[in-house]
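Student: The structure is given below, and queries will be raised subsequently.
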């Protein structure tokens, strides 16, 4: 959530807090907002988890590429040593 959206949401919740202190808020509305944010949080956590797994996979692949490259360089170095 961007900081602008966070500030807007926080402002709205501050206004709802004022209404709640005066007994002028619908509890069902608050429950619905809580449920909505919990679902958003769960979905975001799942999405981030999958993206983290994808990044780990790509990093692992790059480590293999590096290992192959190092192995190739080592073989070339040994071939040069054997020539001389």
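Read-outs: derived from the displayed coordinates by stated rules, not from any lab. It should be emphasised that the depicted structure is a prediction, and the values quoted were computed from it without experimental measurement. Glycine gets a Cβ as well: all are built from the backbone with ideal geometry, and neighbour counts include every protein chain shown.
Student: What is the gain in length, in nm to one decimal, between residue 5 and residue 55 on full extension, counting 0.36 nm per residue of separation less the C-alpha to C-alpha distance?
Tutor: 15.3 nm
Student: Choose one answer from 18, 56, 74: the residue with the largest mean-square fluctuation in a GNM of the chain with alpha-carbon springs under 10 Å.
Tutor: 74
Student: Another question about this same structure. When the helix-only estimate is applied to the chain (DSSP H runs of n ≥ 4, each -39,500 (n - 2.57), divided by the residue count), what is the mean residue ellipticity at 222 nm, nearest 500 deg cm²/dmol?
Tutor: That comes out to -33500 deg cm²/dmol.
Student: Expressed as a whole number of Å, what is the distance separating the alpha-carbon centroids of region 1-20 and region 63-84?
Tutor: Using only Cα atoms, the two centres lie 60 Å from each other.
Student: While we're looking at this one, here's another question. Could you compute the FRET efficiency for residue 12 and residue 35, with r as their C-beta to C-beta distance and R0 at 22 Å, rounded to 0.05?
Tutor: 0.85
Student: Also: Considering the values [x] 15.3, 56; [y] 27.6, 91; [z] 14.3, 45, which represents Rg and Dmax of the Cα atoms in Å as calculated for the structure under consideration?
Tutor: Checked against the structure: label [y].
Student: In degrees between 0 and 90, to the nearest 10, how far off the longest principal axis of the chain does helix 3-21 point, with axes built from Cα atoms?
Tutor: Helix 3-21 sits roughly 30 degrees off the main axis of the chain.
Student: If one takes the longest principal axis of the Cα atoms in the chain, at what angle in degrees, from 0 to 90 and to the nearest 10, does the Cα axis of helix 27-83 lie?
Tutor: It is inclined by approximately 10 degrees.
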